[in-house]
Amino acid sequence: MYLKDNYINIILNILLGAAWAAVLYGFFSGFNSLDANIFIKLINALIYSMFGLFLVLLVEVVYRFFKNHEILKKQLEILEELQKVD
């Protein structure tokens with residue numbers, strides 16, 4: 001992920017890394033929490049990792065919002081330049 005504003009880029013990348021760490025932690029803790037067969041352990045691990053996956057999705061939505069804001073700002077500058085030419 002790359003944005004022009006460096007501080008927002010750093011914050012979003014840190015949050016995205018923490019969200020993926022939550023996914024991995026949830027998956028491994030869910031996998032090891034039961035003493036059952038492999039199918040039940042995988043279902044439990046997927047359920048435990050859903051919170052982290054939601055956080056990943058949330059960070060990606062915030063990133064898309066900032067990226068669209070940058071694109072719209074650039075388009076507005078181009079339109080203002082075109083308006084000055086006329």
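Coordinate-derived values only; no laboratory data. Please read these numbers as outputs of a predicted model, since none were measured by experiment. Every residue, glycine among them, receives a Cβ derived from its backbone with ideal geometry; neighbour counts consider all protein chains shown.
By how many degrees, 0 to 90 and rounded to 10, does the Cα axis of helix 6-32 deviate from the longest principal axis of the chain?
Helix 6-32 and the main axis of the chain meet at about 20 degrees.
Identify all lysines with a Cα-Cα distance to LYS74 below 16 Å; exclude those on the same chain that are fewer than 8 residues away in sequence.
Correct list for LYS74: LYS4, LYS84.
Which label marks the calculated value of Rg and Dmax of the Cα atoms in Å, given the options (i) 20.4, 74; (ii) 14.7, 46; (iii) 11.3, 31?
So the structure-derived entry is (i).
So for the chain, taking the charge dipole from beta-carbon charges (+1 Lys/Arg, -1 Asp/Glu), which of VAL23, VAL62, PHE39 sits furthest toward the positive end?
PHE39
What do you get for the angle between helix 38-48 and the principal long axis of the chain? Use alpha-carbon atoms, 0 to 90 degrees, nearest ten.
40 degrees
Taking 0.36 nm per residue of sequence separation and subtracting the Cα-Cα distance, how much length would be gained by fully extending the chain between HIS69 and ILE14, in nm to one decimal?
Numbers: separation 55, 0.36 × 55 = 19.80 nm, distance 2.05 nm.
Roughly 17.8 nm would be gained on extension.
Treat every Asp and Glu Cβ in the chain as -1 and every Lys and Arg Cβ as +1, leave all other atoms uncharged, and give the resulting dipole magnitude about the Cα centre to the nearest 20 debye.
I would put it at about 200 debye.
Let me have the 222 nm mean residue ellipticity of the chain computed from DSSP H runs of 4+ only, each contributing -39500 (n - 2.57), with the sum over all residues rounded to the nearest 500. The partial results should precede the final answer.
Details: 3 runs with 74 residues, N = 86.
Rounded to the nearest 500, it is -30500 deg cm²/dmol.
Taking the Cβ of GLU70 as the centre, find all other residues whose Cβ is under 14 Å away and add up their charges (Lys, Arg: +1; Asp, Glu: -1).
+3
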